[in-house]
Each structure stands twice: as C-alpha cells, then as structure tokens.
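Worksheet: one structure, shown below.
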C-alpha cells in the first residue's frame, strides 16, 4: 500500500510538473518578452552618435492577425524609444498578412529612422522586393534589399546595410556595401546568420555590429541543449558571437512557428547602444 501511494504521488507530481511546463510554454513564455541592452563599442565614434540606440525586431510571424506577442513587442518598443529600429525579416507569413504588416510596422518605428529586410517566410510567400517596398513605404519604413540606408544625427551618419535573406533570397554583399562611404559608422542587418560565416575576414569596410535573427533561439530548448534550429542558422543559436568578420548578435525574435510555444527561450527585443571605445574581442558571450 505504501509503494502504491508513493507511485501515485510520483505520478501526480510528474503530471503536475508536465502540465506546468506545458502551460508555461504555451501560455506564458510566448508573450513574456525580454528587453536586453547591449553596448556596441566603436573606435572614433563621432560624438553625435554617442548613445544612439538601435532596436531590433525579427521573426514576428504575423499570421491572420496581430498576435499578443507582436502587440507586446510594440509596448516595449514604445517604452524604449530607440532612435533607429530595424525589422530584419519574417515579420509576416503570407501575402494575406500584408495589411497587418503595414499596420504593425507603422507603429514599430524609430524616432529617427526605421529599416527592414526580407526573411525566408516573406520570400516563400512570394513577397518580392517591389511588393515589400510598396507595403513598407506605406508604413514609413525603408526596405533594404542589398542596399544601404542612412540616418543622420547631429551631422553624423549611421549607415545601415541590409542584406537579402540568405536562405531563399539572393544576398549580394558587394552591392549592399556600395552605398557605404569612407568613414561611415555602419551596421549590417540580415535574417539568416549562417551567411556570416561565408563572408571573408578581409571584407571591408567592416561594420560595428551585425544583427540577425531566424533561429528563434531554438524556440523549444532544454537546459544546456538546443534540439533544433532552422536551415540557414549555421552554427549560431542566440546571443553574441565575436569570432566572425565583425561582432554578430543573433536575436531570439518575437514570434513562433510550427508550434505556438516557447520553452526556456523567451522572445526578445534587443536594444544596442553605440559607445565610443575599442571593439570587444573574444568568444561568444552567453545568450
């Protein structure tokens, strides 16, 4: 009788733990957005760009509506009020979602400038460059397609280099870099981070930072183990990687795909602040 009671207690305990984890993964974590803050040291940074902030939103995956996670991301963004916002792909899932994309992007704006790139889901949905430009233009956002956008603050310029999605698009880094001028402080933005390992180390001019998404940080993770990341992730999962052509940050993104759940991998709004100083060197920092 005692053993039966113990077995029953263990069964109930395991059942309760499983239900709690499932509830967290399905109901809590998908909208529990973490705002993370990161300093980006830049040698000889112009004084006017000191303290300039870049908010990065990726993998929102709007589908049929503006999700609770997408709305929560806007609330956090409005509290942060970064000067520049970059929307780096997989913002929506299909052409039917373009109206929602325009409505959401209109509110996801930086105080000085907002830029976007396409991700693999937009390409898979048949959202080409010209469709993307038309929709984003209505929202006051500049779509970068192997091209460079520029934002000027106090007479100093930040160049934002947008590279087309490496998974289903046609990335062309030399064409994108053609718009970077000598002495520009620049950042590269792209959807799939695996592409970064194909960029030769001697590529110039180098950016202060590279921002990417696509991986969802694994979305469903176990302690110390990430079972799955999508094609195009390469060796990257989430957080900082400092052993590439320039420091790379991979965001966990906002939305979900395949299953509407996250486990040990909350959505993320990273905000980067430019600071004058020598660049960081060393291995990847924890996500």
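Take each peptide in 157-164, 228-235, 140-147, count the other Cβ atoms within 10 Å of every residue, and average; sorted highest first, the result is 157-164, 140-147, 228-235.
Averaging the Cα positions of each part gives two centres, and for region 122-179 and region 48-67 these lie 14 Å apart. Considering helices alone, the calculated mean residue ellipticity of the chain at 222 nm is -7000 deg cm²/dmol, with DSSP H runs of length four and up weighted by -39500 (n - 2.57) and normalised per residue.
Only Cα sites of region 147-251 enter the Debye sum here, all with the same form factor; the resulting log10 I(q)/I(0) across q = 0.24 1/Å is -1.31, listed in q order.
For the chain, modelled as a GNM whose springs connect Cα atoms under 10 angstrom apart, the maximal fluctuation among 58, 31, 198 occurs at 198.
Rg and Dmax, both from the Cα atoms of region 96-143 and both in Å, are 10.2, 31. Ordering 37-50, 258-271, 84-97 by mean Cβ neighbour count within 10 Å, with the highest value first, yields 84-97, 258-271, 37-50.
With the contact rule set at Cα under 8 Å and sequence spacing of 6 or more, what percent relative contact order holds for the chain?
Rounded, it is 25 percent for the chain.
Computed over region 219-258, the Cα gyration tensor eigenvalues convert (square root of 5λ each) into semi-axes of 20, 12, 10 Å, ordered from largest to smallest.
If you line up the long axis of helix 68-80 against the longest principal axis of the chain, both from Cα atoms, how many degrees apart are they, to the nearest 10? Approximately 50 degrees, to the nearest 10. Taking the empirical scaling 2.2 N^0.38 Å for compact globular proteins as reference, region 32-276 has a Cα radius of gyration ratio of 0.92.
Every read-out reported here was derived from the displayed coordinates using simple, explicitly stated rules and does not represent laboratory data. Source: prediction; values computed, not measured. Please note: Cβ atoms are built from the backbone with ideal geometry, for glycine as well, and neighbour counts cover all protein chains shown.
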